[in-house]
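Here's the structure we're looking at; comments come further down.
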Amino acid sequence: MKLFLGNEAVARGLYEAGCRVVSSYPGTPSTEVTEFAATYDEIFSEWAPNEKVACEVAFGASVAGARSFCAMKHVGLNVAADPLFTASYTGVNAGMVILVADDPGMHSSQNEQDSRHYALGSKTMMLEPSDSAECLDFTKRAFDLSEKFDTPVIIRLTTRVAHSRSVAPVAERVDNGLKEYTKNPQKYVMVPAFAKVKHVAVEQRVIDQTAYCEKEAVENGLNKVEYNSKKIGVITSGICYQYAKEALGENASYLKLGCVYPLPVQLIKDFAAECEKVYVLEELDDYIETHCRKNGIDVIGKEAFTLQGEYSQSLISKVILGEETESLKADVNIVPRPPVLCAGCPHRGLFYALKQLNVTVSGDIGCYTLGSAQPLGMIDTVLCMGASVSALHGRNAANPENAKKSVAVIGDSTFIHSGVTGLINIAYNATDSVVIILDNSITGMTGHQQNPTTGKNIKGEPANAVSLEKLAEAVGIKNIIVVDPYNLAETKDGIKKALEADGPAVVISRRPCALLKTVKHNPPLKVNTEKCKSCKMCMKIGCPAISMKDGKAHIDFTQCLGCKVCSQLCKFDAIEE
Amino acid sequence: MNKSIMIVGVGGQGTLLASRILGAALLDCGYDVKVSEVHGMSQRGGSVVTYVRYGKNVASPIIEKGEADIVLAFEQLEAARWIEYLKPDGKLIVNTQQIDPMPVVMGVAEYPEGIIASLRAASADVEEIDALPMAVEAGTAKAVNVVLIGAMAKNMQSVSKEKWIEALKASVPSKFLELNLKAFEMGYNI
């Protein structure tokens, strides 16, 4: 027996289901599924450049007869939505499963979208586990259902399921080998004539799947009815089932929907008829609630709960039972502790240089989004992966004068994901845009995944490395400048040159992530309190290792990595090795 | 009756590893266990919290205000931030280490004074531990988390010392085992 992280249990399910190909792009809270999948030698696992590529790889593998899989966070499914909607038409050869991890409460995301709408929109079956045991079990079921109904199947997790550990029973791997591929343009070539026929099949599939959800899924425990007290009835799925059980125990009856698309109708009607008062417990949108109302089932949903953030056992017991828990309170002024760029982070020097140049910064998704926080405060916009580059072009197209005082910042992995297309647009449609690639040689924010620029694959083996310089040159960028962000003067000078140059420019700010185990650090720095004049210049970079103690600057030896960015700011040479 | 333990601290202090060791030790003792972690952005020097729940049958993996039997705080201000989650008769174990949050670093806020006294005033059962010097003595400042696990282990009758040591062995790389065992003992023997 062992505790499985939800994501790890999905990976175990992939292994046991005989999955052969896994392709994903990292994104919290989905990343570990693919990291764990890569630990099984029987599975070809990879980090793809983005979720669209990953989903298409899984499609190709499925058509070729291998059970295949791709994982992504909720916003990643926006990127992969194009292949998803049509893969729903083609269906599969061997089973194909797509995992999407939603992030209610936005622990690590830029929005709170509810991916169940994608299942509804693309008419793709969607399963939602509520703990690690179900993560494993539902993953295996998903492959069987994919083959049974000739459809991709989506598994939806939320952060609390993906990142919680609980017990999951394991079994042996069953690998039935590659299925035979037979050429079949009517099935796999989605031109209008064939797609029209397939659309009819898709609608019939939804009817068949709904019938399955009404009966067979109840018999095999995918959809579960638990009758206890019938005073309160709860219709729920995923983590909300666990919260409800915690809050209400046997004081309520439960209809737990393991399959959230398609939803049964009669099953819900029969359950609701048995209970006095029926609540729908679901995080984010009123997805199940809307289905109930559409079918004339009287339920209590969002009017008593919320469309925002996470649910919890105490929220449920407060709303349904009117009970509140007593809690302690300390008489302390609680100062917020927002996430910050780590001590020694190479992005810090870059943002300080940008601050000195007083430019407008088009931002992107990654650790460097934290450059928006004070005291650096150097990001003006953050939208989605890759948007820094394309939005900068738009800014400069709106007013060419912006080009001399605006830049985009984008990480190496994000640039490959979808920044390069924006750069091609800049070169092609000719704005004098300055794109800064923050090359820290890793995908940082999601916890150090390799990417096509790092020279290593998911297993850490040597791999082809994209040269950012050559790539920029190949798309038509003539001004390419490489700087070391630990060197403030060099960095500022490099960006200045790029802004003054004729035509678009790319600045590569290159220095590996300070948290990488392969990076060697200098010993921690110390403040010579005799020399320190308390001017606080060293504090302008927002390094978490630097604070004021007894009126003098102080460096925390447990955090300092000796990057010496602060010592370049000290006019009194008070920061010493 | 299920029990709830919260481990709170600052991203980078090793709270995740602590919760994994705790979870493994509890599972080994035959409990149903759920551990909830936070990954991603909040790990970057932000306030982090991990929940560990155990008992006969655990449904929810999270802990809410007034529900924790033990709060193990790796940092003073974090202890104050999360004390609301402690049961009124619960136990708070707090490392006296102070890490300035960014508003303090920037000089727009002050690190609160007298936190431990305020915690004592709010909660009857507070144990303070100066874990950093012990970790340094054991061999590295990074072992603060293991010193604190030792201190918590002493407060938990439900897990024997042997089970803790087994869980520790299974969770840390063998080359750091001796150092971590030393750190654990230091916390355990306070």
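The values are calculated or read from the model by the stated rules, or taken from the named source; none is laboratory data. Just so you know, these numbers come straight off a predicted model, no measurement behind them. Note that each Cβ is placed from the backbone with ideal geometry, even for glycine, and that neighbours are counted across all protein chains shown. Just so you know, the surface numbers come from the protein's heavy atoms only, side chains and all, with ligands and any DNA or RNA stripped out. Shrake-Rupley method; radii C 1.70, N 1.55, O 1.52, S 1.80 Å.
On a 1.4 Å probe surface of the protein chains, which of B:R81, A:R205 comes out largest in accessible area, and what is the full order? List each step's numbers first, then the result.
Working: B:R81 45, A:R205 20 Å².
Accessible-area ranking of B:R81, A:R205, largest first: B:R81, A:R205.
Positive end of the dipole of the protein assembly as shown, charges at C-beta (+1 Lys, Arg; -1 Asp, Glu), about the Cα centre: which of A:L257, A:I480, B:G90 has its Cα farthest in that direction?
The one lying farthest along the dipole's positive direction is A:I480.
Excluding ligands, DNA and RNA, what is the solvent-accessible area per residue of the protein assembly as shown at a probe of 1.4 Å, expressed in Å²?
On the way: 29680 Å² over 767 residues.
Value returned for the protein assembly as shown: 39 Å² of accessible area per residue.
Run the dipole for region A:220-321 about the Cα centre, Lys and Arg Cβ at +1, Asp and Glu Cβ at -1, nothing else charged, and hand back the magnitude in debye, nearest 20. Spell out each step's value before the answer.
Details: 11 positive and 14 negative charges, 37 e Å.
Charge dipole, region A:220-321, about its Cα centre: 180 debye, nearest 20.
Tell me the accessible surface of A:K405 in square angstrom (1.4 angstrom probe, heavy atoms of protein chains only), to the nearest ten.
About 100 Å², rounded to the nearest 10.
Would you be so kind as to identify which of A:V565, A:L468, A:V507 lies farthest towards the positive end of the dipole of region A:467-577, taking Lys and Arg as +1 and Asp and Glu as -1 on Cβ and the Cα centre as origin?
Working it through, the farthest residue towards the positive pole turns out to be A:V565.
Report, in whole Å, the centroid distance computed from the Cα atoms of region A:113-185 and region A:503-577.
Rounded to whole Å, the Cα centres lie 47 Å apart.
Looking at region B:14-115, which GluC sites (Glu not before Pro) are in a loop (DSSP not H, G, I, E or B) and have at most 15 other Cβ atoms within 10 Å? Mind dumping the intermediate values first?
Details: sites: B:E37, B:E64, B:E67, B:E75, B:E78, B:E84, B:E110, B:E113; in loops: B:E37, B:E64, B:E67, B:E75, B:E110, B:E113.
When the GluC sites (Glu not before Pro) of region B:14-115 are filtered for loop state and at most 15 Cβ neighbours within 10 Å, B:E110, B:E113 remain.
For region A:396-449, what is the convex hull (Cα atoms) projected area averaged across all directions, in square nanometres? Intermediate results must be reported in sequence, preceding the final value.
Working: hull surface 16.2 nm².
Reported value for the Cα convex hull: 4.0 nm².
What FRET efficiency do you get for A:N522 and A:T421 if R0 is 51 Å and r is their Cβ-Cβ distance, rounded to the nearest 0.05? Don't skip to the answer; put the middle values down first.
Working: r = 39 Å, r/R0 = 0.76.
Rounded to the nearest 0.05, the efficiency is 0.85.
Name the residue farthest towards the positive end of the dipole of chain B from the options B:L77, B:L168, B:I116, assuming +1 on Cβ of Lys and Arg, -1 on Cβ of Asp and Glu, about the Cα centre.
Of the candidates, B:L168 comes out farthest on the positive side.
In chain B, what percentage of the DSSP-assigned beta bridges are antiparallel, given to the nearest 5?
Numbers: 13 of 27 bridges.
So the antiparallel bridges in chain B amount to around 50 percent.
Could you give me the ³J(HN,Hα) list for region A:211-227, computed from phi with Karplus coefficients 6.51, -1.76, 1.60 and θ = phi - 60°, whole Hz, x at Gly and Pro?
Each residue of region A:211-227 in turn: 4, 4, 5, 5, 10, 4, 5, 6, 5, 9, x, 5, 9, 10, 10, 10, 8 Hz.
Grab the DSSP H runs of chain A that are 4 residues or longer, score each as -39,500 (n - 2.57), total them, divide by all residues and round the 222 nm result to the nearest 500 deg cm²/dmol.
-10000 deg cm²/dmol
Please compute how much accessible surface disappears when A pairs with B, both sides summed, using a 1.4 Å probe, and round it to the nearest 100 Å².
Values: alone 25190 and 9280 Å², together 29680 Å².
Using a 1.4 Å probe, the pair buries roughly 4800 Å².
Starting from the Cα coordinates of region B:32-190, work out the convex hull volume and express it per residue in Å³.
Working: hull volume 21.7 nm³, N = 159.
Taking the convex hull of the Cα positions in region B:32-190, it is 136 Å³ per residue.
Can you work out ³J(HN,Hα) from phi for every residue in region A:258-266, in order, using Karplus 6.51 cos²θ - 1.76 cosθ + 1.60 and θ = phi - 60°, giving whole Hz and x for Gly and Pro?
The phi angles translate into x, 10, 9, 8, x, 8, x, 10, 5 Hz.
Per DSSP H run of n ≥ 4, the term is -39500 (n - 2.57); total these for chain B, divide by its residue number, and report the mean residue ellipticity at 222 nm rounded to 500 deg cm²/dmol. All intermediate terms of the calculation are to be shown ahead of the outcome.
Details: 8 runs with 75 residues, N = 190.
It comes out at -11500 deg cm²/dmol, rounded to the nearest 500.
Between A:I300 and A:N251, with labels modelled 7 Å along Cα→Cβ, what's the label distance in nm to one decimal, could you check?
1.2 nm
Rounded to the nearest percent, how much of the accessible area of region A:220-321 (1.4 Å probe, protein heavy atoms only) is carbon and sulfur? Working shown, then result.
Numbers: 1640 of 3690 Å².
It is 44 percent, rounded to a whole number.
Using 1/(1 + (r/R0)^6) with R0 = 51 angstrom and r between the beta carbons of A:D331 and B:S158, what's the FRET efficiency to the nearest 0.05? Intermediate values should be presented prior to the final figure.
Numbers: r = 32 Å, r/R0 = 0.64.
That pair, A:D331 with B:S158, gives E of 0.95.
What percentages make up the Cα-Cα pair-distance distribution of region A:220-321 when the bins are 5 Å wide from 0?
Calculated over all Cα pairs of region A:220-321, the distribution is 3, 14, 28, 28, 20, 7, 0 percent.
Accessible area of region B:61-165 with a 1.4 Å probe: how many percent of it is carbon plus sulfur? Let's see the in-between values first.
Details: 1770 of 3670 Å².
Taking all protein chains in place, region B:61-165 shows 48 percent carbon and sulfur surface.
What does the charge add up to near A:C513, with Lys and Arg as +1, Asp and Glu as -1, over the other residues with Cβ less than 15 Å from its Cβ?
Summing Lys and Arg as +1 and Asp and Glu as -1 gives +4.
Got a sec? What order do A:Y428, A:Y241 fall in by accessible area at 1.4 Å, biggest, i.e. largest, first? Spell out each step's value before the answer.
On the way: A:Y428 180, A:Y241 15 Å².
The ordering from most to least exposed comes out as A:Y428, A:Y241.
For an R0 of 56 angstrom, estimate the FRET efficiency from the Cβ-Cβ distance between A:V191 and A:E323 and round to the nearest 0.05. Present the calculation step by step, with values, prior to reporting the outcome.
Numbers: r = 59 Å, r/R0 = 1.06.
That pair, A:V191 with A:E323, gives E of 0.40.
Once each part is reduced to its C-alpha centroid, what is the distance from region A:235-313 to region B:18-33 in angstrom?
32 Å
Express in % the proportion of alpha carbon pairs of region A:92-208 at distances exceeding 18 Å.
61 percent
Determine by what factor the alpha-carbon radius of gyration of region B:58-135 differs from 2.2 N^0.38 Å, reporting the quotient.
Values: Rg = 13.6 Å, N = 78, 2.2 N^0.38 = 11.5 Å.
Working it through for region B:58-135, the quotient is 1.18.
Regarding region B:1-66, what are the three Cα extents along the principal axes, ordered largest first, in Å?
35, 25, 16
For region A:152-274, what is the Kirkwood hydrodynamic radius in Å, using each pair of distinct C-alpha atoms?
Details: mean 1/r = 0.0564 Å⁻¹.
Here the Kirkwood hydrodynamic radius works out to 17.7 Å.
Roughly speaking, what % of Cα-Cα pairs in region A:526-576 are separated by over 15 Å, rounded to a whole number? Walk me through the numbers on the way to the answer.
Numbers: 404 of 1275 pairs.
For region A:526-576, the fraction of Cα-Cα distances above 15 Å is 32 percent.
Can you compute the equivalent ellipsoid semi-axes for region A:441-572, i.e. the square root of 5 times each eigenvalue of the Cα gyration tensor, sorted largest first and rounded to whole Å?
Values: eigenvalues 227, 98, 18 Å².
Largest first, region A:441-572 gives 34, 22, 9 Å.
Go through region A:243-320 and name the GluC sites (Glu not before Pro) that are in a DSSP coil and have 14 or fewer other Cβ atoms within 10 Å of their Cβ.
Values: sites: A:E246, A:E250, A:E274, A:E276, A:E282, A:E283, A:E289, A:E303, A:E310; in loops: A:E276, A:E282, A:E283, A:E303, A:E310.
When the GluC sites (Glu not before Pro) of region A:243-320 are filtered for loop state and at most 14 Cβ neighbours within 10 Å, A:E276, A:E303 remain.
Please give the charge dipole size of region A:71-186, origin at the Cα centre, charges +1 on K and R Cβ atoms and -1 on D and E Cβ atoms. Round to the nearest 20 debye.
That gives a dipole near 120 debye.
Given N residues in chain A, what is Rg(Cα) / (2.2 N^0.38 Å)?
Values: Rg = 26.5 Å, N = 577, 2.2 N^0.38 = 24.6 Å.
It is 1.08.
Label points 7 Å out from Cα along the Cβ direction at A:A398 and A:A211: separation in nm?
Spacing of the two 7 Å Cα→Cβ label points: 5.5 nm.
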